[in-house]
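Encoded as structure tokens, the structure appears first; notes follow it.
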Amino acid sequence: MERILKIFDDYRVCEFEGNQPLRVVDTQGKVQLLIKALQFTLADSFMIEQVDSIPRGEVIPPRSSSRKINREGINLIKAFEGVELQAYLDAVGVPTIGYGHTKDVFLGMKITRAEAEELLRQDIEEFEIAVEDAVQVEINENQFSALVSFCFNLGAGSLFQSTLLKLLNAEKLEKASQEFPRWNKAGGQPLLGLTRRRMAERALFLGRPWQPFLEYELLHLTQPKIQSEYVRYIQNGLQKAGFDVQANGIFDRETDTAIKELQRQKGFVPDGLIGPITVTALGL
């Protein structure tokens, strides 16, 4: 059924599905609140209405999502966002505090960790609603939570327009999961921090451990050799794929050889570089 926005002359923005009101946002005449309302809608069209063209009683207040992000999803967001208990200016000069919270924040503002947790809970709720609205098929709590994290970082509009969502709603879950790593760019350039987060969200979506991607790096044979728990994680994946390597946490010659052979088998360039595509091919 078609969704449409009705913008009233008292500054309310209401979203309808057919004749059923879904939500209302009071923008208070502020451009930023209007932009936010537009970012969180799945409507394709809008119309301007007079405030008395629909009785107020027919418009429902803002709703809560019937589904909530799980603990693993919250932990993932916290791990990648980090927390600041004193307000600071973010990369584009916006006063920010807690886990990336920006509403009503001013420089000099301080909060407790408990207050940061509550602000995070409030911020997450609108993305829970967005995911619940966008996804038209049954998904489990890990899949739901991974998508909430995705939206929290990139905005709901990114999910709404994504191939990831199209594949998911077509019930092509594995192909949908492979879309996460594609959203790792800023200004057209891949960023390691975004790659880590997308791979972690993909792992959560698939019900796999996401914590190894906190230390994700582009691995290859170097001198001195790279040694880390993430290397061990990759080696465990190689063992499961049938390769004879030791899970010693050291990126050694045997690991390099196994990676290149895996890449040949998958039709990739056998460069020995472990990036998102190779990790995905390992089923991690």
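The values are calculated or read from the model by the stated rules, or taken from the named source; none is laboratory data. From a predicted model like this one, the values you see are computed outputs, not experimental measurements. Glycine also receives a Cβ, built like all others from the backbone with ideal geometry; neighbour counts cover every protein chain displayed.
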| Residues in the stretch 12-21: is at least one in a loop (DSSP other than H, G, I, E, B) and either modelled with pLDDT of 65 or more or in contact with a helix residue (DSSP H, G or I) (Cβ under 9 Å, 6 or more places away or on another chain) (or both)? | yes
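To keep it simple, each residue is scored yes or no on (1) out of contact with any Phe, Trp or Tyr (no Cβ under 7 Å at 6 or more places or on another chain); (2) over 18 Å from residue 281 (Cβ atoms); (3) touching a residue at least 24 places away in the same chain (Cβ under 8 Å); (4) basic (Lys, Arg).
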residue	(1), (2), (3), (4)
182	yes, no, no, yes
195	no, no, yes, no
200	no, no, yes, no
218	yes, no, yes, no
225	no, yes, yes, yes
231	no, no, yes, no
236	yes, no, no, no
| query | Quick check: is even one residue across the stretch 99-113 outside any loop (DSSP other than H, G, I, E, B) and touching a helix residue (DSSP H, G or I) at 6+ places or on another chain (Cβ under 7 Å)? | reply | yes
| request: Could you check residue 251 against (1) in the same structural domain as residue 152 (by TED's automatic domain parsing); (2) crowded, with 18+ Cβ neighbours inside 10 Å; (3) without any contact (Cβ under 8 Å) to a residue 40 or more places away in the chain; (4) not hydroxyl-bearing (Ser, Thr, Tyr) and say which number it fails? | output: (1)
| Near pairs, Cβ below 9 angstrom, 6+ apart or cross-chain, from the stretch 166-180 (free of Cβ contacts under 8 Å to residues at least 24 places away in the same chain) to any residue that is hydroxyl-bearing (Ser, Thr, Tyr) and buried (at least 17 other Cβ atoms within 10 Å of the Cβ) | 167/177; 179/162
| said: Can you tell me which of (1) touching a Gly at 6+ places or on another chain (Cβ under 9 Å); (2) buried (at least 22 other Cβ atoms within 10 Å of the Cβ) is the one residue 168 doesn't meet? | reply: (1)
